[in-house]
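Structure record follows, encoded as structure tokens.
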Amino acid sequence: MALKHISGGKISTKHTTIITDAFKIINKLTKKDFIKKISLGYIKPNSSRGRLSAKILPLGENSVRLHFKGKNFQEIRVFFTSDGNIEQLTNFLKKYIDFEYG
């Protein structure tokens, strides 16, 4: 399982481990003004050898769960600032990966 670590700034969690496939995207996302906080969740192995994909699952008005799936799977929660929204996040993700909403 290829993993990396990310910390500081907007990363808020009990651990700093992130799947390698999502590292670059999350690192860029931390620099966006509409992001308040990113919480790294659980990781599990995935038998897929496919490209990285993401599924966006709304949690509330100002937060979503991102399910990243590549060589491994990871759930990451993203919290927006008061002027942030899901549309900004989806526009950002479109530049880097295939994703599904809902």
Simple label model, 7 Å out from Cα along Cβ direction - residue 94 to residue 5, nm:
3.7
Please build a GNM for the chain, connecting alpha carbons under 10 Å apart, and tell me which residue among 46, 27, 91 fluctuates the most.
91
Per-residue HN-Hα couplings for the stretch 72-82 [Karplus 6.51, -1.76, 1.60; θ = phi - 60°; Hz; x = Gly/Pro]:
10, 10, 8, 9, 10, 9, 10, 10, 8, 6, 4
Name the residue, out of 31, 71, 14, whose mean-square fluctuation peaks in a Gaussian network model built on the chain with Cα pairs under 10 Å.
14
Computed about the Cα centre, the charge dipole of the chain from +1 Lys/Arg and -1 Asp/Glu charges at the Cβ has a magnitude in debye, to the nearest 20, of 400
Collect residues whose amide H, placed 1.01 Å from N in the peptide plane, falls under 5 Å from the amide H of residue 18; neighbours closer than 5 in sequence don't count.
4, 5, 6
Between residue 87 and residue 65, what is 0.36 nm times their sequence separation minus the Cα-Cα distance? Round to one decimal in nm.
6.5 nm
Could you pull out every residue, at least 5 positions away or on a different chain, whose amide H is within less than 5 Å of the one on residue 73? Hs are placed 1.01 Å off N in the peptide plane, and Pro or chain starts have none.
44, 46
Could you work out how far helix 20-29 tilts from the main Cα principal axis of the chain, as a 0 to 90 degree angle to the nearest 10?
10
Take every Cα pair under 8 Å in the chain that's 6+ residues apart, average their separations, divide by the length, and report that relative contact order as a whole percent.
27
Could you pull out every residue, at least 5 positions away or on a different chain, whose amide H is within less than 5 Å of the one on residue 35? Hs are placed 1.01 Å off N in the peptide plane, and Pro or chain starts have none.
81
Of 11, 45, 74, which is farthest on the positive side of the dipole of the chain, counting Cα position, with +1 on Lys and Arg Cβ, -1 on Asp and Glu Cβ, and the Cα centre as origin?
45
Match the structure shown to one of the listed values (1) 37, 27, 21; (2) 49, 29, 29; (3) 38, 29, 25 of Cα extents along the principal axes in Å, computed from it, and give that label.
(1)
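Just so you know, all these numbers are worked out from the coordinates, no wet-lab data involved. Remember, predicted model here, so these are calculated numbers, not experimental data. All Cβ positions, even for glycine, are placed from backbone atoms using ideal geometry, and neighbour counts span all protein chains on display.
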